[in-house]
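To start, the structure itself, in structure tokens.
The values are calculated or read from the model by the stated rules, or taken from the named source; none is laboratory data. Computed from a predicted model, the values in this text were never measured in an experiment. For neighbour counting, all protein chains shown are included, and Cβ atoms are generated from backbone atoms with ideal geometry for every residue, glycine included. Side chains are part of the model used for accessible areas, which takes the heavy atoms of the whole protein and leaves out ligands, DNA and RNA. Shrake-Rupley method; radii C 1.70, N 1.55, O 1.52, S 1.80 Å.
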Amino acid sequence: MKVTILLQAALWIWFLGCTTTYRFGRYTLVEGMGIKSAEFATLCLYSVGLILYYLLQPAGKWILLAILILWFVVEFFCHWYFTIFGVTERKLKGYNECFRNTIRIFPMSETRLVPDLYHIVQHALILLNIIICLAR
């Protein structure tokens, strides 16, 4: 149960960065899009899922699981699909421009979409939350 709470809280705090910018000195982990964004709507949806998970068992588990899977699918098609199957020049240029100042494990490419550190961790946290939701 402690691991579940820890991973759920970690994902919530990590994803809050999509609403409020996380900066460490001259390094940017993620640029927040504010409360008038799709990211904030997703954070609210995840928050509702978490509340239902704890207040409405067993249905809450399935509601949260559905939210996490939908979120993971959306993230896959926004990032990893293009990394795996290729990207148009326009999409790559927009993506690299949007995330040009973020911290990276792998360098940005002019030919392939390469997610930054923030998105790699975010997607791993979503996947871990799906796994723990299924296991519970």
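Think of a 1.4 Å ball rolled over the protein heavy atoms: the chain then has 60 Å² of accessible area per residue. A straight Cα-to-Cα reach below 23 Å connects Lys93 with none of the lysines, residues fewer than 8 places away in its own chain not being considered.
So, with a 1.4 angstrom probe, what is the percent of accessible area on segment 8-136 that is carbon and sulfur? C and S atoms contribute 71 percent here. Can you tell me the 0 to 90 degree angle between the C-alpha axis of helix 38-55 and the longest principal axis of the chain, rounded to 10? Here the helix axis deviates by roughly 20 degrees.
Counted over all Cα-Cα pairs of the chain, pairs farther apart than 20 Å make up 48 percent.
Below 8 Å between Cα atoms, with a sequence gap of 6+, how large is the relative contact order for segment 51-125 in percent?
25
Each of Leu65, Ile51, Cys18 was placed along the dipole of segment 1-101 (beta-carbon charges, centred on the mean Cα), and the one lying farthest toward the positive end is Cys18.
A full extension of the chain between Glu89 and Ala124 corresponds to an added length of 9.9 nm, given 0.36 nm per residue minus the alpha carbon distance. Between the helical axis of 117-135 and the longest alpha-carbon principal axis of the chain there is an angle of about 20 degrees.
Taking amide H atoms as placed 1.01 Å from N in the peptide plane, the amide H of Tyr22 lies under 5 Å from those of Leu29, Val30, Gly32, each 5 or more residues away in sequence or on another chain. Its DSSP H runs of at least 4 residues, each contributing -39,500 (n - 2.57), put the calculated 222 nm mean residue ellipticity of the chain at -20000 deg cm²/dmol, to the nearest 500. Mind pulling the angle between the C-alpha long axis of helix 89-98 and the longest principal axis of the chain? Nearest 10 degrees, somewhere in 0 to 90. Approximately 70 degrees, to the nearest 10.
Extension gain, Arg23 to Met108, is 28.7 nm, computed as 0.36 nm per intervening residue step minus the present C-alpha separation. Each label was represented as a point 7 Å from its Cα along the Cα-to-Cβ direction; for Ala59 and Phe77 these points are 2.8 nm apart. In percent, rounded to a whole number, the relative contact order of the chain is 26, using alpha-carbon pairs under 8 Å and six or more apart.
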